Amino acid sequence: FPNRAQPAFINDDKRQDIIVPGGYFFDSFIGQARGSLTWWENQKNGTRWVRHDIVTGSPFSYHSAVFEDFDGDGIADIASVGEDAGDPSNPFDDIVELHLFAGA
């Protein structure tokens with residue numbers, strides 16, 4: 001399930017791209033791993049998009065993402081919070097992690 005998309009200038013082509021987080025809270029409980037983070041590269045002023053997978057098949061659901069230079073190397077990174085809600089009948093087994101995907 002796609003979640004909150006974030007516009008970002010990812011490459012140097014001056015066209016705004018989109019980072020799309022995805023997943024579902026209870027995927028691991030139902031035996032699925034559909035969490036994803038994808039970058040959709042705008043190749044023709046919003047009329048042609050190319051998908052780049054950052055992470056797919058994750059047990060974590062990604063809700064939003066931030067595109068900034070977090071490690072100070074001059075290259076922007078993507079940060080997102082991953083959540084695995086576990087068993088819906090157990091309110092204490094949630095796993096929430098900050099995931100940093102370093103720029104290349």
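A few comments on the model shown:
- Each label point was placed 7 Å from the Cα along the Cα-to-Cβ direction; for Glu41 and Phe70 their separation is 2.3 nm.
- Relative contact order computed over the chain (Cα-Cα under 8 Å; 6+ residues apart), in percent: 23
- Over segment 6-101 - Rg/Rh using Cα atoms and the Kirkwood inverse-distance radius: 1.05
- Of the residues Ile78, Ile30, Ile54, the one that moves most in a GNM of the chain with alpha-carbon contacts below 10 Å is Ile30.
- Most mobile of Gly35, Gly74, Gly23 in a GNM of the chain (Cα contacts under 10 Å): Gly74
- Residue among Pro59, Pro91, Pro21 with the largest mean-square fluctuation in a Gaussian network model of the chain, springs linking Cα atoms under 10 Å: Pro91
- Computed label-point distance, nm, for sites Gln16 and Phe92 using a 7 Å Cα→Cβ extension: 4.6
All of the numbers you see were taken from the coordinates with simple rules; none came from a lab. In this text, all values refer to a predicted model and were calculated from it rather than measured experimentally. Glycine also receives a Cβ, built like all others from the backbone with ideal geometry; neighbour counts cover every protein chain displayed.
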